[in-house]
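Notes for the one structure printed next.
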Amino acid sequence: MSQIDAMQPGVQSPYANEPAVRRLTRLAGSAGIALGIALVACAVGLVVSGLVNPEYLIVVCVVALLPGIPALSLLTASRRILRGEINGTTRATTMLVTTGGLVLLGAVGAIIEGPWPAKILMVVLAIGTFTTATFVNRADRALKGQ
């Protein structure tokens, strides 16, 4: 199988059924799904809080879309990683870089100005994002046979 064929959606890596690779893809896929769910929950929480004060609803909804859209894409990419597709790791890496920047900015803002629950939440999300990126990187290398 050529490298170009392996990058097509729905094409499983030839290494995907090896036990060590399977373990890494499960770990990366599960971490991606957990992080995606957490980010979607944060985005939904922002929208719900915007409903309380309608004058800021449009601004809050736009801010909620920033982590929400990459989180949904991360969920679908993580499902592809669980299936052993190399395309899933590439897409998940792109979404993790996008989300990592947003989460890091949010964490810095929360540490400087936010209340304690926001500080804790943003630091946990930042740690989770970078841990998931490490797992996805390992799964990507395993699926490519490196």
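Looking only at residues of the range 8-25 that are over 17 Å from Phe130 (Cα atoms) and not in a loop (DSSP other than H, G, I, E, B), we find that the one that is modelled with the lowest pLDDT is Gln12.
Residue pairs, Cβ under 8 Å, 6 or more apart or interchain, first in the range 117-146 and at pLDDT below 90, second among the aliphatic types (A, V, I, L, M) and not in a helix (DSSP H, G or I). List them. Cβ pairs passing all conditions: Leu143/Ala16. In the set (1) within 17 Å of Ala126 (Cα to Cα); (2) among the small types (Gly, Ala, Ser); (3) at pLDDT 85 or above, the condition left unmet by Ser73 is number (1).
Only one entry in Val21, Val40 is surrounded by 16 or more Cβ atoms within 10 Å (Cβ to Cβ) and closer than 24 Å to Leu121 by Cα, namely Val40.
Of Leu57, Leu66, Leu104, Leu72, all but one fail to be open to solvent by 80 Å² or more (accessible area, probe 1.4 Å), part of a helix (DSSP H, G or I) and more than 24 Å from Leu27 (Cβ to Cβ); the exception is Leu66.
Just for the range 76-87: of the residues that are open to solvent by less than 10 Å² (accessible area, probe 1.4 Å), modelled with pLDDT of 85 or more and part of a helix (DSSP H, G or I), which one is nearest to Ser30 (Cα to Cα)? This residue is Ser78.
Go through the range 84-108 and give me each residue that's charged (D, E, K, R) and under 14 Å from Ala142 (Cβ atoms).
Glu85
Flag: Ile37 matches the condition of being at pLDDT 80 or above, part of a helix (DSSP H, G or I) and aliphatic (A, V, I, L, M).
The values are calculated or read from the model by the stated rules, or taken from the named source; none is laboratory data. It should be emphasised that the depicted structure is a prediction, and the values quoted were computed from it without experimental measurement. Heads up, the Cβs are rebuilt from the backbone with ideal geometry, glycines too, and the neighbour counts pull from every protein chain shown. These accessible areas exclude ligands, DNA and RNA; they are computed on the full protein's heavy atoms, side chains included. Shrake-Rupley method; radii C 1.70, N 1.55, O 1.52, S 1.80 Å.
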